[in-house]
1. Looking for something modelled with pLDDT of 70 or more and among the basic types (Lys, Arg) - is there at least one such residue anywhere in region 226-240?
2. Among the residues that make up region 109-118, is at least one of them assigned by TED's automatic domain parsing to the domain that holds residue 217, in contact with a strand residue (DSSP E or B) (Cβ under 8 Å, 6 or more places away or on another chain) and at pLDDT 85 or above?
3. Looking at region 241-266 only, could you name the residues that are within 22 Å of the chain's Cα centre (by Cα) and either modelled with pLDDT of 85 or more or among the small types (Gly, Ala, Ser) (or both)?
4. I need the full set of residues from region 158-208 which are hydrophobic (A, V, I, L, M, F, W, C) and loosely packed, with under 13 Cβ neighbours inside 10 Å, in order please.
5. List the residue pairs whose Cβ atoms are under 7 Å apart, where the first residue sits in region 141-167 and is in a loop (DSSP other than H, G, I, E, B), the second is small (Gly, Ala, Ser), and the two are 6 or more positions apart or on different chains.
6. Just a yes or no: is a residue in region 210-220 modelled with pLDDT of 75 or more, hydrophobic (A, V, I, L, M, F, W, C), closer than 20 Å to residue 126 by Cα and outside the structural domain of residue 60 (by TED's automatic domain parsing)?
7. I'm trying to understand the selection: among the residues of region 168-220, which are of a type outside the set (Phe, Trp, Tyr), more than 26 Å from residue 131 (Cβ to Cβ) and in a strand (DSSP E or B)?
Amino acid sequence: MTILNASRNSTSESDEESTKQAVDRSGGKKNLPDSDHNNTAEAATNVGDIERVLSVIGGSLMALKGLSYRGAPGLIAAAAGAALVYRGVSGSCGLYQKLGINTATDDKPASPVEYYERGIHVERSVTISKPREELFAFWRNFEQLPKFMFYLEEVTVTGDKTSHWKAKGPAGLSVSWDAEIINEIPNELIAWRSLAGARVDNTGSVRFLPGPRGEGTEVRVVIDWIPPGGQVSATIAKFFGRDVKGEVQEELRRFKQLMETGEVSTIEGQPMGTCR
């Protein structure tokens, strides 16, 4: 019994000494592998920089406007605005985490699922009293598009199929992206998509079809895009009275005016832009 007890005491003392040495080496704290720390940090921030800025600005405006209302609708708007502000400050979105979305490390083009879940789909058309060959040639020179797409600051053609776009974003921000043509039929179709790393993921097409009763040309535009901030900025824009789909229709109206008259009139009635 004495020998057995001595053996037990020796084993216990050895275990205590090993535990003490392990604690001393770790500083009394449990060490996590570096990869675990990195994964935790990456998971905490899943909202991109522009999206965070828009969330703070839009959320603040929404909260202030909500507080100016009386009753439950105002409180709901204020709460939603506060949630957006928190989203922007923290850089974390619970919904994005559940969906596996991370706009903070966007290194590939948006997938069809992302367009469906976060994007805006627009289809609009206009009939123009000009031959489609002329309309196609004008549109195909992308550097001319800012003449009637007023949200564009500049488009630079960088290759036979590629171009660089710079646009006016919400809250006075400028956003830019690169795009490529993925399908083209002379005088009939131009289809494009944005490239990896785009601040504004977008894809779409413009078709030039024979007009009704064979008169003129029907220009039909289909666009799917994810605005900076995704549905967040779309919701903010809608809250403050902007109609994104209506703006696309207005751009086509200006295109029609430009091609038929050679100029675009501003709201004040002054001509702006030329198709020459």
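1. no
2. no
3. Filtering region 241-266 for residues within 22 Å of the chain's Cα centre (by Cα) gives 241-251.
Correct list: 241, 246, 247, 248, 249, 250, 251.
4. Across region 158-208, the qualifying residues are 182, 185, 196.
5. 148/273; 151/167
6. Looking for residues that are modelled with pLDDT of 75 or more, hydrophobic (A, V, I, L, M, F, W, C), closer than 20 Å to residue 126 by Cα and outside the structural domain of residue 60 (by TED's automatic domain parsing), one finds at least one in region 210-220, hence yes.
7. Step one: of region 168-220, the residues of a type outside the set (Phe, Trp, Tyr) are 168-176, 178-191, 193-207, 209-220.
Within this subset, residues satisfying the condition of being more than 26 Å from residue 131 (Cβ to Cβ) are 168-176, 178-180, 193-203.
Within region 168-220, 168, 174, 175, 176, 178, 179, 180, 193, 194, 201, 202, 203 meet the criteria.
The values are calculated or read from the model by the stated rules, or taken from the named source; none is laboratory data. This one's a predicted model, so the numbers in the text were calculated from it and none came from an experiment. Every residue, glycine among them, receives a Cβ derived from its backbone with ideal geometry; neighbour counts consider all protein chains shown.
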